[in-house]
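Contents: one structure, followed by commentary.
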Amino acid sequence: MPSIQPIKAARGVRDILPKDRAAWAVVERGAVRAARRYGYQDLLVPIIEPLELIERGVGGDTDVVRKEMYRLEPHSDSSARLALRPEATASVVRAYFEGGLNQAPQPARLFTLGPMFRHDKPQYLRYRQFYQFDVEVIGDGAAPFDAEVIEMSKGWLTDLGLARISLELNSIGDQACRPAYLEKLTAYYRPLKDQLHYDCQRRIESNPLRLLDCKEEQCQPFKSGAPKITDNLCEACAAHFEEVRRHLDAGGIEYRLNPYLVRGLDYYTRTVFEYQHTALGGAQNALGGGGRYDGLAAELGYPATPGVGFAAGLDRIVAMLAEEGEEVVPAPPARVLVLPATPEQNLAAAQVGRLCRSVVACAVDYTSRSLKAKMRSAAKTGVPIVAILGEDEAARQVVQLRDMHSGEQAETSWDRLPEAFA
RNA sequence: GUGGCUAUAGCUCAGCACGGUUAGAGCACCAGAUUGUGGAUCUGGGUGUCGUGGGUUCAAAUCCCACUAGCCACCCCA
């Protein structure tokens, strides 16, 4: 009779259920551990940000801004235009200035974990709400910081147990050398315009760097003849790139030079890098990446301040861990489960639960099922110990403690319960 | 934004090509198999808008149309 369609989760989002949460926790704890080991500090930044922060930060010609933004409807004409953040770097840079971190000893080493939002068409490992681990070093432009961010993120991934990942590395120059390079690049591509696909024809004028990482079949033949950015770096950028590589080599970090690696966000200068997983195909193989963004702060209206960062998608990393056979067995929710034989003993069972909780996680089965059914249910949850409480035990203030693995059972008085689990 | 696939029990699906008895299976869940004690086995327990709306027909889960939702792929990203 009351037949409405059950309300389902919004398109492109999902729940991480308790059985999967343990694997997520491993990945998150690993991220926190890796960052702290290098002296990075945790912070939280808002999920909603001024639209302009994102547009100016990420770049107006990126897909992220052009078609994937979650814009919030303004409450009134005078209220600020807001959007859900599609990435965290611009927010962290903003927080760095607004929170006065620019006045503390430099650079600031920061990290944060949280959800990001992009209105893509959902598919395998592509969600509209996904989770990122984000690391930033703001306030100094030295090359070793680039290498440190890479080393730290790589260490995180390998410590988790991921083996089938590759690291791609490139430098895309800066204000000094990139304009001249882009001239060369557009000069090369302009005569070929007719043979490029629609988006690339537009990119020649709007964002020529992105011609390099186009994956369209018809654009591929022209890439090898295109001038390479790494052959056109200014002296400072070339020296910077070389120093990054020296540090990576000294640290034993393997990487593959990829002169076509560009990244999808406009704010990068000099170093860019990306982690890919060999089990993932197409354009979805990116687990994470990052780079230097020495022009970002100024773009947001703050004093010019260099920075370098890294972000990775937790959804994909969790999935790739499972893909590589890393199993995370979730712990039973409680170590002790109290089983009143009948509802008559519920009050006594609650009291036993209180006593146990001074030392262990303890749940009580208040259902009206038979004791046999409660035992069956307890076995399935994997709880290692049950405390059985019948009329007789309740009267004498004792319980039968049963080890669910060995089947051994012994009587214990209530006042000795804490020491029984210590 | 473009394309493909799917929609039947809480979950995974069969049934649909040749429309026609009370629409099935497995899993999960609940109960029971002598007195208050588990994972095995056995037994019992399901009226589910057959995604929604319309059409064809004596008759539609089954054929036709529209819509909606989900999944997968392309583009791009994480």
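The values are calculated or read from the model by the stated rules, or taken from the named source; none is laboratory data. Quantities reported herein were computed from a predicted structural model and do not represent experimental measurements. Here the Cβ positions follow ideal geometry from the backbone for every residue, glycine too, while neighbour counts run over all protein chains shown. Side chains are part of the model used for accessible areas, which takes the heavy atoms of the whole protein and leaves out ligands, DNA and RNA. Shrake-Rupley method; radii C 1.70, N 1.55, O 1.52, S 1.80 Å.
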Requested in this report: With respect to A:Glu344, determine if the residue is buried (at least 19 other Cβ atoms within 10 Å of the Cβ), out of contact with any helix residue (DSSP H, G or I) (no Cβ under 6 Å at 6 or more places or on another chain), of a type outside the set (Gly, Ala, Ser) and more than 25 Å from A:Leu17 (Cα to Cα).
Outcome: no
Query raised in the report: In region A:1-13, which residue that is more than 7 Å from RNA strand B (Cβ to nearest atom) and open to solvent by 90 Å² or more (accessible area, probe 1.4 Å) is modelled with the highest pLDDT?
Result: A:Ile7
Query raised in the report: What is the residue count in region A:213-265 for residues that are within 16 Å of RNA strand B (Cβ to nearest atom), part of a loop (DSSP other than H, G, I, E, B) and over 24 Å from A:Gln284 (Cβ atoms)?
Result: 1
Query raised in the report: What do you reckon, is A:Thr186 of a type in the set (S, T, N, Q), open to solvent by less than 30 Å² (accessible area, probe 1.4 Å), over 30 Å from A:Asp15 (Cβ atoms) and in a helix (DSSP H, G or I)?
Result: yes
Query - Selected residue [hydrophobic (A, V, I, L, M, F, W, C), modelled with pLDDT of 95 or more and open to solvent by 30 Å² or more (accessible area, probe 1.4 Å)] from A:Ala279, A:Ala239 - result: A:Ala239
Query - Filter result for the condition that a residue is more than 8 Å from RNA strand B (Cβ to nearest atom), in contact with a strand residue (DSSP E or B) (Cβ under 7 Å, 6 or more places away or on another chain) and within 14 Å of A:Gln351 (Cα to Cα), over A:Ala410, A:Ala387 - result: A:Ala387
Requested in this report: Determine whether region A:166-186 contains at least one residue that is out of contact with any Lys or Arg (no Cβ under 8 Å at 6 or more places or on another chain), within 12 Å of RNA strand B (Cβ to nearest atom) and in contact (Cβ under 8 Å) with a residue 12 or more places away in the chain.
Outcome: no
Requested in this report: Could you please find all residues in region A:103-125 being closer than 23 Å to A:Gly30 by Cβ and open to solvent by 20 Å² or more (accessible area, probe 1.4 Å)?
Outcome: A:Arg109, A:Leu113, A:Pro115
**Report entry** Failed item in (1) more than 20 Å from A:Arg29 (Cα to Cα); (2) assigned to a helix (DSSP H, G or I), with A:Glu168 passing the rest
**Finding:** (2)
Requested in this report: Give the residue, chosen from A:Arg178, A:Arg164, that is surrounded by 20 or more Cβ atoms within 10 Å (Cβ to Cβ) and among the charged types (D, E, K, R).
Outcome: A:Arg178
Report task. Give the residues of region A:408-422 that are open to solvent by 30 Å² or more (accessible area, probe 1.4 Å) and modelled with pLDDT of 90 or more, sorted by residue number. Result -> A:Glu408, A:Gln409, A:Ala410, A:Glu411, A:Ser413, A:Asp415, A:Arg416, A:Pro418, A:Glu419, A:Ala420
Report summary line: Flagged in region A:356-384 as near RNA strand B (Cβ under 6 Å from one of its atoms), open to solvent by 50 Å² or more (accessible area, probe 1.4 Å) and in contact with a strand residue (DSSP E or B) (Cβ under 8 Å, 6 or more places away or on another chain), in numbering order, are A:Leu371
